Amino acid sequence: MYRPLKPSFLVLMLLVVAMLGACSTDSKPAATPAAAGAGEAEGEGQPLTKVKIQLKWVPQAQFAGIYAAKEQGFFADEGIDAEIIPGGPDIVIEQQVVNGAADVGVTGVDSLLVSRDNGLPLVSLAQISQKSSYRLIAKKSAGITDPTQMKGKKVSTWFGSQQFQVLAFMEKNGLDPKKDIELVKQGFTMDQFFNDQVDVATATIYNEFHVVLESGVKESDLDVFNIEDAGVGMLEDTLIAKKDWVDGNRDLAVKVTRAILKGWNYAIDNQDETVDTVMKNVTEGSTTREHQVTMLEEIAKLIRPEGFTEQQVGSFVDESFTRTADIALNYGLIKKAENLDEALEKSIYEDAVK
């Protein structure tokens with residue numbers, strides 16, 4: 001529950017997105033207030049520039065920095081009137097950005113790579129999460145204390161583009177994912193794990209892992225395997241925009257990025273207050289404050305991991321991007337090697353943190 005979009009209908013959605021991209025790639029960006037210069041005005045009495053920001057899932061602490069940026073006036077300080085658009089199971093982030101329904105979006109790096117591989121002119125403005133959130137979990141009763149003991153077991157994970165970290169983890173530990181395990185499609189709940197329908201399940205550290213603990217399972221009753229620590233983690237949340245929008249609204253792109261990164265640093269440093277802000281935006285009855293507190297605590301560790309300064313939030317770590325792109329290529333998620341110099345608008349981030 002409450003998890004980010006898992007594109008189980010990835011192929012169908014990509015066809016839709018590719019068609020939209022083909023129709024819009026060669027056209028100039030539609031006129032915006034920013035193009036007319038409104039984005040330069042930050043003084044009192046000056047009109048704010050409207051910017052639509054598309055989330056990859058429903059309102060939750062996974063996007064706390066964006067909500068904090070709006071609540072604390074960081075967007076307004078940059079002359080921006082930000083509209084935050086929730087995502088959902090039927091929302092394709094890349095489609096929203098390509099067709100102009102949103103100016104900026106939050107998506108996974110794997111989805112960005114697939115979209116670019118299919119010819120869509122999308123780029124990353126900043127890398128929000130710096131580490132994989134994925135864990136593989138097994139009940140102690142399954143007797144799996146080492147990854148090699150997953151041989152012959154049922155392992156569940158999300159499909160679409162989400163399974164490749166798990167496959168890479170198996171290979172890293174000497175297992176052939178096609179022969180040595182039974183890969184099972186995982187739903188959006190943890191019911192398969194609770195009901196012992198699988199031996200090993202996938203969980204994000206900020207969501208499903210704590211759903212399991214909140215159900216009454218003790219952490220001491222679990223064996224947990226960290227995909228990031230195994231060296232095969234793929235980058236997740238990234239901030240994207242259409243290339244020609246960035247080229248035509250560069251100053252605005254910098255300002256949006258600056259406000260969001262400032263929002264994330266504020267959210268990480270003021271978590272209790274920021275959870276209150278998040279709770280104002282969630283769908284009533286969809287979650288609890290306690291769950292969102294835990295989510296933000298864990299998300300903060302992915303966005304500003306140990307050793308990261310405030311200025312490094314949103315930065316591009318080439319090694320992590322290369323690893324993510326290599327895994328995507330090795331498993332056929334993309335057909336050609338990605339040119340990261342073209343995929344990453346590093347100068348936007350660099351100017352945003354000056």
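Mind grabbing the base-10 log of I(q)/I(0) for the range 102-143 at q = 0.21, 0.30 Å⁻¹? Debye formula, identical points on the C-alpha positions, no solvent, two decimal places. Calculated log10 I(q)/I(0) at the listed q: -0.77, -1.16. Amide H contacts for Asp81 (H built 1.01 Å from N in the peptide plane; partners 5 or more residues away or on another chain; cut-off under 5 Å): Thr49, Lys50, Val51. Close amide H pairs (under 5 Å, H built 1.01 Å from N) link Thr107 with Thr238, Ile240, residues at least 5 positions away or on another chain. Say the dipole of the chain comes from +1 at the beta carbon of Lys and Arg and -1 at that of Asp and Glu; which of Ser115, Gln149, Val92 then lies farthest toward its positive end? Of the listed residues, the answer is Gln149.
Karplus-based coupling profile of the range 338-353, in residue order and whole Hz: 7, 8, 5, 5, 8, 6, 10, 8, 4, 5, 5, 4, 4, 6, 5, 9, with θ = phi - 60° in 6.51 cos²θ - 1.76 cosθ + 1.60 and x standing for Gly or Pro.
Please give the FRET efficiency for Asp269 paired with Glu171, using the beta carbon to beta carbon distance and R0 = 51 Å, rounded to the nearest 0.05.
Numbers: r = 39 Å, r/R0 = 0.77.
Using R0 = 51 Å, I get an efficiency of 0.85.
Pair-distance distribution P(r) for the range 92-190, from all Cα-Cα distances in 10 Å bins starting at 0: 13, 37, 28, 17, 6, 0 percent. Under the convention that each Lys and Arg Cβ holds +1 and each Asp and Glu Cβ holds -1, the size of the dipole of the chain around its Cα centre is about 900 debye.
Taking Glu78, Glu273, Glu310 as the candidate residues, the one with maximal mean-square fluctuation in a Gaussian network model of the chain, Cα springs under 10 Å, is Glu273. Count the net charge of all other residues whose Cβ sits under 13 Å from the Cβ of Lys131, scoring Lys and Arg as +1 and Asp and Glu as -1. Result for the neighbourhood of Lys131: -3.
Just the number, please: carbon plus sulfur as a percent of the accessible area of the chain, 1.4 Å probe, no ligands or DNA/RNA counted. Write out the running numbers ahead of the final one.
Details: 7390 of 14900 Å².
Heavy-atom surface of the chain belonging to carbon and sulfur, 1.4 Å probe: 50 percent.
How long are the semi-axes of the equivalent ellipsoid of the range 68-149, defined as square roots of 5 times the Cα gyration tensor eigenvalues? Whole Å, largest first. Largest first, the range 68-149 gives 35, 19, 12 Å. Per-residue 3J(HN,Hα) values for the range 276-283, derived from phi via the Karplus relation 6.51 cos²θ - 1.76 cosθ + 1.60 with θ = phi - 60°, read 4, 5, 4, 5, 5, 10, 6, 5 Hz in sequence order (x marks Gly and Pro). Residues whose amide H lies under 5 Å from that of Trp158, counting only those 5 or more places away or on a different chain, are Gln186; hydrogens are built 1.01 Å from N in the peptide plane.
Here the gap between Leu329 and Lys280, fully extended at 0.36 nm per residue and compared with their Cα-Cα distance, gives a gain of 13.6 nm. Extension gain for the segment Glu219 to Asp247, taken as residue separation times 0.36 nm less the Cα-Cα distance, is 5.2 nm to one decimal. The spacing between the range 101-127 and the range 219-269, judged by their C-alpha centroids, is 12 Å.
From the Kirkwood radius over Cα pairs of the range 252-341, Stokes-Einstein at 4 °C and 1.567 mPa s returns a whole-number translational diffusion coefficient of 83 µm²/s. Computed from the Kirkwood radius of its Cα pairs, the Stokes-Einstein diffusion coefficient for the chain at 10 °C and 1.306 mPa s stands at 76 µm²/s. Surface exposure of the chain, expressed per residue as accessible area with a 1.4 Å probe, stands at 42 Å².
Could you let me know the centre-to-centre spacing of the range 297-337 and the range 157-214, using Cα atoms, in angstrom? Answer, in whole Å: 20.
Each label point was placed 7 Å from the Cα along the Cα-to-Cβ direction; for Lys140 and Phe308 their separation is 3.3 nm.
Picking from Ser124, Ser111, Ser320, which is most flexible by a Gaussian network model of the chain using Cα springs under 10 Å? Of Ser124, Ser111, Ser320, the Gaussian network model singles out Ser320 as fluctuating most.
Put a plus charge on the Cβ of each Lys and Arg, a minus charge on the Cβ of each Asp and Glu, and nothing anywhere else: the dipole of the range 44-133 about its Cα centre is then about 240 debye.
The values are calculated or read from the model by the stated rules, or taken from the named source; none is laboratory data. Computed from a predicted model, the values in this text were never measured in an experiment. Ideal geometry is used to build each Cβ from the backbone, glycine not excepted, and the neighbour counts take in all protein chains shown. These accessible areas exclude ligands, DNA and RNA; they are computed on the full protein's heavy atoms, side chains included. Shrake-Rupley method; radii C 1.70, N 1.55, O 1.52, S 1.80 Å.
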